[in-house]
Amino acid sequence: MRSSQSLGMSDTRTLASAKRMLRKDVMTCNKAVAESVKLCDVDVIAAYPITPQTSIVEYLAEFVAKKEIDAEYIKVESEHSALSALVGASPAGARTFTATSSQGLILMSEVMFTASGMRLPIVMANANRALSAPLNIWNDQQDSLAVRDSGWIQFYAENNQEALDYVIQCYKISENKKVMLPSMVNLDGFYLTHTLEPTEIPDKKDVKKFLPPYEPEYRLDPESPLTFGFFAGPDSYQEFRYEQQKAMENAERVIKEAAKDYYGFTGRKYSAIEEYKLDKKDTVLLTVGSVSGTVKEVVDKLEKKYSVGVAKLRMFRPFPFEEIRRIASRAKIIGVIEKDVIIGVNQGAVATEIKNALYGSKSIPVLSFIVGLGGRDTPPSTVEKIIKICENALEKPEKESYWMDLK
Amino acid sequence: MREIRFHGRGGQGAVTAAELLAVAAFYDGKYSQAFPFFGVERRGAPVTAFARIDDKFIRIRSQIYEPDYIIVQDASLLDAVNVSEGLKQNGEIIINTEKTAAEIRPKLKLKKEAKVYTVNATKVALDVLGVPIVNTAMLGALACATKEVTLDSIKKAIEKRFPEKLAVKNIKAVEEAYRQMKE
Amino acid sequence: MIVLGEKASYVKCRWKCEAGLSANRCWYYRQHLKEVSEEELFTSGHRGCAGCGNVITVRLVLKASGKNVVVVSPTGCTEVISTPYPETSWEVPWIHANFENAGAVASGISDAVKVLLRKGKIKSKPKVIAIAGDGGTVDIGFQSLSGAMERGHDMLYICVDNEAYMNTGVQRSGATPYGAYTTTSPLGQDTPKKDMPAIMAAHRIPYVATATISLPLDFIEKVKKAISIEGASYIHVLAPCPTGWGFPGEKTIELGRLAVDAGMWTLYEILNGEFRVTYKPTAKVPVKEYLKAQKRFAHLSEETIKKIQEDIDKRWAEAFR
Amino acid sequence: MKIVLEPGTSLKNKTGGWRNFKPVIEMKKCIDCGNCWIFCPESCIRKIGNKYEIDLDYCKGCGICANECPTKAIETVLEEK
């Protein structure tokens, strides 16, 4: 049985599509992201092109030029300025969007902390791509995981539909007065950004109802001349960070509420973790992003042979500690499949976070499988190997981390 | 699920062909997926693109290693790339060449169940489009050889993708290649 | 209002009073100063040094602009002294983000205002003014400023030039003049001051000007002019820093005047490509007088001073042809 | 904690305590030119009619006003401590 969350399910679609005509089309993820921005009544877009994000900004430029989006599109001279422009536009009262990837994200990273610290509900799409050096334009998730501590909400999409749906939900979440944190939607470079597949575009009216116009609590307004981005000394800085942490905790609840509302008009259900064939399984393969689909296929193929299911991590910030503990409580081993590595730790960032979540609760082995760095393909055969390693480790894990397909 | 791999050279529209195929399959009421494998190479270098067609949503995201169908947009690639690598036992390979299938087969290291089709798509393209861009013609050949997509849906996909004048010509190329394959 | 343009009385006024000839003898100067807004949009209680030239700059800018503005400041003295939580000295909307992005932040505000007005989400249109130090302008903020100017957002960028990184304790910047001591140019700056207004003019924006706080009417007039112009404009204002330059706080205004009179700093504007000197000193003061008034030049040899004077003579001849 | 600051709140910070010297205006010498007012970095010289008043709560005693006064109407004297 397939999960009700996964796309393409007739049972989930009938609910919504029976009621109204939904627009469905075949498109790349970059197009889907641009379409979602169009639905969100964005006021200011500032972006700089970078492979594999570029077609997002090309589509947006076209939409703005054709007046399909009534927004100002600032063609900035760098990613740093892209986010900086939004750090100006957002407190001026604008709903804002940017998109980037890899080096661009890292160049932005200074301003990412600023945007979160100033509590600006900026939304960004990041086309996950490896970091230099060596220079590489292909997919992995080292870029977004490197900015995991910047105070941004982070979602990871498995497919084009999820990317589109997340962008819309992100505005709802970020602009919630209890949250007021920026958020980013991560889409795997090429594996999603350049992949055409059927994607449903929600009805504009529904989105408008779901996402009312942005009404900031404070605005850069001569009528009420407030100071933004002030200087805070040792006697107050720590409190501002604490409030960001609280806001991130609030986000967990707000994310659930947004998902519920979103389900109401799309029939697509979102949760922090998508569970796929997890019931009474020894091995949990924990996945992030587009590789999840491949893993599910392999699990389908091998389900008679192995006791294995999939937990797809949809959001990394806030981190769903409770859900991880619940999943772990029913499993015997967790294999984390992720496209990044913390150099010096020899594990992925997600694996270390899972261990963090399990500290003090049920202790089961957590294995870190490092795959797909710099765009190396993760074929079903690699997933099969991972399942076998996990199965063997049920007795006694040999080691904690595995660099898969290392030449 | 059907998996299709396209081999071309940069600038010949292999990625567009994969995308058009996915769109056409969608118009046929199926689920589909198309994605490129981009190198840093520019115009002229060998390029690979992939497409998948299925009755349910396609979740797998890896490259295609064991295709059901292979499209070779340029026979000169045979010397540079092992185009038939991984082709399923009874898979089909469609090659743009003046030669006959029998003539070209020895160059391909194929299992004996595999089928080879040839079409002179370059000639079709030159006749109809005036330029040697064969991607749409090869789709016509694919539609004829495999019956995985309908000709109508390919035409619809082309109409959506190209400006009218160009669409008309490309549809002609598709039809012409389809007709030639039939013969 | 100060009358812009070529009115004889006004020209006479500027040529005499602002040269530092006694204000009590010039009726025009007093009249014009009376026309300057009394409203204080930058309040007392800030943490600037006694005699701070930056703060005088901010006050003059806000007196020229009035309330209907949004001010952006990058990291620097101005930001740090004016907004330590939970207090602020600003009576206008103000925002700080980072050190190097005032140009970009201002672009974002400017375009947000544009689109929100168009969509009817806001009613009035404030002018966006960036007030940045020389480090945040000629060095680390150069790229974002260049991008903003090139894109031509409706904004005014003001560089408050005190010729070094004063916020971190006097390190050299691209705006530090030749010969000046800073903690990172201990033997004296060995390169000429970056000609930032000329670089800005090369962006072909409608308005570029230089100014100094020591000639407030000239400065205020330029700010007003820049604000009235739709599009990107740039004003580079010399603001002496008693702490960084090494002179007593009461001499801040005097030093700015000396810089102009000695030809270290020329006041001009470039309006739609047309260059115009806005102020010619009545008498040329030897540069030595300017240099010797500051500790940062105390180490200069007679030979170096001569070299600086020669350089000035050349520029003077060009400027006041 | 609010993420914005209310305007003009630095008035709470009375910087007069920074001062070693304080300015004293000799009113009969004042010609109402406005120099002291326009140049004051503390925004603490106010016009009262055609006279000027220095708010010593904020004056840091920099002495610019005295230095720029064309009639030497302002004198700086040692602050009594």
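Tabulated results
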read-out	value
GNM result for chain A, Cα springs below 10 Å: residue of A:GLU353, A:GLU239, A:GLU384 fluctuating most strongly	A:GLU239
Hull-based mean projected area of region B:63-142, where the convex hull spans the alpha carbons, in square nanometres	5.2 nm²
Calculated over region C:162-306: convex hull of Cα atoms, volume per residue (Å³)	117 Å³
Kirkwood Rh (inverse of mean 1/r, distinct Cα pairs), region A:364-407, angstrom	11.0 Å
Cα pair distances of the protein assembly as shown binned at 20 Å [whole percent]	13, 36, 28, 18, 5, 0
Stokes-Einstein diffusion coefficient of region C:79-175, Kirkwood radius over Cα pairs, 10 °C, 1.306 mPa s, in µm²/s	110 µm²/s
Dipole magnitude of chain A, debye to nearest 20 (Cβ charges: Lys/Arg +1, Asp/Glu -1, about Cα centre)	1320 debye
Extension gain (nm, one decimal) between C:GLU289 and C:THR168, 0.36 nm per residue minus Cα-Cα	40.8 nm
Sorted peptide list for A:357-365, A:36-44, criterion being average Cβ within 10 angstrom, highest first	A:36-44, A:357-365
Shape metrics for region B:99-162, restricted to C-alpha atoms - Rg then Dmax, Å	13.8, 39
Restraint check, A:LYS280/A:LYS339; B:LYS88/B:LYS109; B:LYS30/B:LYS172; A:LYS305/B:LYS30; A:LYS24/A:LYS269; A:LYS269/B:LYS156, Cα-Cα greater than 21 Å	A:LYS280/A:LYS339; B:LYS30/B:LYS172; A:LYS305/B:LYS30; A:LYS269/B:LYS156
Lys pairs under 13 Å by Cα in region D:14-78, provided they are eight or more residues apart or on distinct chains	6
Chain C: relative contact order as a whole-number percent, Cα under 8 Å and 6+ apart	16 percent
Dipole magnitude of region A:61-167, debye to nearest 20 (Cβ charges: Lys/Arg +1, Asp/Glu -1, about Cα centre)	220 debye
Cβ charges +1 (Lys, Arg) and -1 (Asp, Glu), total dipole of the protein assembly as shown, debye	1080 debye
DSSP loop GluC sites (Glu not before Pro) with at most 15 other Cβ within 10 Å: longest gap in chain D	D:27-78
Peptide A:192-203, shielding by other chains (average Cβ, 10 Å cutoff)	5
Proportion of all alpha-carbon pairs of region A:273-403 beyond 26 Å (%)	11 percent
Kirkwood hydrodynamic radius of region A:12-266, Cα pairs, Å	18.3 Å
Net charge of Cβ neighbours under 14 Å - reference B:LEU166; Lys, Arg +1; Asp, Glu -1	+4
Efficiency of FRET from Cβ geometry, A:GLU400 and B:GLU98, R₀ 56 Å, rounded to 0.05	0.45
Region C:46-319 - Rg and Dmax from Cα coordinates, angstrom	18.1, 64
Peptide A:228-239, shielding by other chains (average Cβ, 10 Å cutoff)	6
Over region B:49-183, equivalent-ellipsoid semi-axes from the Cα gyration tensor in Å	24, 20, 13
Cα lying deepest toward the dipole's positive end in the protein assembly as shown, options A:VAL341, B:ILE60, C:THR88, charges on Cβ	B:ILE60
Chain D: projected area of the alpha-carbon convex hull, averaged over directions, in nm²	6.5 nm²
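A short reminder: the numbers here are calculations on the coordinates, not readings from a lab. Here the structure is a predicted model, which is why all the values come from computation and not from measurement. All Cβ positions, even for glycine, are placed from backbone atoms using ideal geometry, and neighbour counts span all protein chains on display.
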